[in-house]
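Down below is the structure, laid out as C-alpha cells.
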Amino acid sequence: MKYTNTQGLDDIVTNLGTEQRNEATKEIADVSTEKMLEMINAEDSKVPAIVAKVIPQIAKAVELIAERIELGGRLIYVGAGTSARLAFMDAAECPPTYNIRPGTITCVMAGGRECVFSANERLEDREENAVNDLKDIKLKEEDTVVAAAASGRTPYCIGALKYASSIGAGHVAIACNPKSEMGKHAEIAIEMDTGAEVVMGSTRMKAGTAQKMVMNMLSTAVMLRLGRTYGNLMLSSPASNTKCSNRDIRCFAEAIGNPDLVYARQKLEAAHNSALCAVIMEKTKVDYKSAKKAAVIAEGRVELAFRLAKEIYDSENE
C-alpha cells in the first residue's frame with residue numbers, strides 16, 4: 001500500500017523493506033495450521049540465499065575482527081531488542097566452544113542486560129546511551145564494534161559506530177535493509193534485503209534469522225582464522241559433561257586417524273582428559289607437562305601449540 005498524509009511519521013521507517021506488509025501471507029491467519037507453517041517456512045527458506053550475497057562483506061569483517069583480536073582486542077556486538085538478544089547468545093556460546101577468555105566476544109545492549117529478558121524498546125532511540133555503555137566497558141582501539149539492527153537505522157547502534165570510529169576501533173554494521181543509515185557510519189556494511197516479514201514488522205523472523213546466521217559465521221570464522229580448531233575439530237573446549245567427554249574421545253580419534261576408541265580413551269586419560277594435550281602428545285611425542293605448558297602459552301591455538309610443545313620438551317630435556 002502507498003501511504004498518504006504521513007505528517008508526523010518517520011518516512012524512512014515507513015518505507016523500509018522490513019516494515020512492509022507481505023503480500024504472500026495476507027491470509028495467514030485464516031488458513032489451516034499446516035498451511036500457515038508452510039507459509040512461514042517458505043519465507044524462512046529465502047534467508048540463506050540472501051545471506052550468501054553478502055559473504056564478501058562478512059569475509060572482510062572476519063579478517064578485521066581476527067586481526068584486532070590477535071592484537072588483544074575484542075569483538076563487541078551492539079544492538080537493541082532481538083538483534084542484541086541474538087548477539088548475547090552468540091557471545092555466550094563461544095567460550096565453551098573454543099575456550100576463549102571471557103569477554104573476548106561480548107555484547108552491549110540498549111537498556112542493559114536485563115533487557116535480554118524484559119523488553120524496553122524505547123531505550124534504543126538515544127545515540128549517547130551507546131557511547132556511555134561502550135565507555136563503561138572501556139572500548140579501545142584494538143576492539144571491533146559490530147552493531148546489528150534489522151532496520152539499519154537504530155540510533156543506539158549509530159551512536160556506537162560513530163564512537164568506535166572516533167577512537168580508531170573497528171566498526172561494522174549488520175542491517176536487513178540496503179543502503180542503511182548504519183552502513184554510512186561503518187567501515188564494513190553487511191546489508192541484507194530480507195524484505196517483508198510473515199507478520200508485518202516482526203523482524204525477529206527472517207531478519208532475525210539472517211542476523212543469527214551472520215553472527216554465527218563471524219564468530220566461527222574468526223575462531224578458525226585464529227587457529228582454535230584442528231581442521232573442523234574442536235580440541236580446546238572443556239569436557240564439562242558426558243556429551244562433551246564423548247565428543248572429545250571421538251575428536252581425538254579423528255585427529256590422529258585411529259578409530260580405536262578404547263585407545264583414544266586411554267590417551268585422553270593420560271592427558272588429564274584434555275583433547276588438545278592428548279593430540280599434542282600423540283603428534284609431537286612429548287610428555288604431558290610439555291603439552292600442557294604449550295597449550296596454555298598458545299591459548300588454544302592448535303598449530304602454535306604443536307610447535308611450542310616440541311620446543312619446550314627439547315629445551316627441558318637437553
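The values are calculated or read from the model by the stated rules, or taken from the named source; none is laboratory data. Please read these numbers as outputs of a predicted model, since none were measured by experiment. Here the Cβ positions follow ideal geometry from the backbone for every residue, glycine too, while neighbour counts run over all protein chains shown. What goes into the accessible areas is simple: the full protein's heavy atoms, side chains included, and nothing from ligands, DNA or RNA. Shrake-Rupley method; radii C 1.70, N 1.55, O 1.52, S 1.80 Å.
The residues in the range 223-235 that are among the basic types (Lys, Arg) and open to solvent by 30 Å² or more (accessible area, probe 1.4 Å) can be counted, and the count is 1.
Applying the set (1) surrounded by 16 or more Cβ atoms within 10 Å (Cβ to Cβ); (2) part of a helix (DSSP H, G or I); (3) of a type in the set (Lys, Arg) to Arg250 leaves exactly one unmet item: (1). Cβ-Cβ contacts under 8 Å between residues 6 or more apart (or on different chains), taken from a first residue in the range 263-290 that is at positive phi to a second residue that is outside any helix (DSSP H, G or I), are listed as Asn273/Ala239.
Quick one: which of Thr18, Thr14 is surrounded by 12 or more Cβ atoms within 10 Å (Cβ to Cβ), of a type outside the set (Phe, Trp, Tyr) and at pLDDT below 95? Walk me through how you get there before you give the answer.
Working: Thr14 fails: surrounded by 12 or more Cβ atoms within 10 Å (Cβ to Cβ).
Exactly one of Thr18, Thr14 is surrounded by 12 or more Cβ atoms within 10 Å (Cβ to Cβ), of a type outside the set (Phe, Trp, Tyr) and at pLDDT below 95, namely Thr18.
When residues in the range 32-86 are screened for being among the aliphatic types (A, V, I, L, M), open to solvent by 50 Å² or more (accessible area, probe 1.4 Å) and outside any helix (DSSP H, G or I), 1 of them pass.
Here is a yes/no grid of residues against (1) touching a strand residue (DSSP E or B) at 6+ places or on another chain (Cβ under 7 Å); (2) open to solvent by 50 Å² or more (accessible area, probe 1.4 Å); (3) assigned to a helix (DSSP H, G or I); (4) modelled with pLDDT of 90 or more:
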| residue | (1), (2), (3), (4) |
| --- | --- |
| Ser237 | no, no, no, no |
| Ser240 | no, yes, no, no |
| Cys244 | no, no, yes, no |
| Glu254 | yes, yes, yes, yes |
| Glu282 | no, no, yes, yes |
| Lys289 | no, yes, yes, yes |
| Ile297 | no, yes, yes, yes |
| Arg307 | no, yes, yes, yes |
| Tyr313 | no, yes, yes, no |
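In the set Ala189, Ala119, Ala149, Ala175, only one residue is modelled with pLDDT under 95 and under 25 Å from Thr209 (Cβ atoms); that residue is Ala119.
Listed by position, the strands (runs of 3 or more DSSP E) enclosed by the range 111-210 include none that has at least 3 residues that are free of Cβ contacts under 8 Å to residues at least 12 places away in the same chain and open to solvent by 20 Å² or more (accessible area, probe 1.4 Å).
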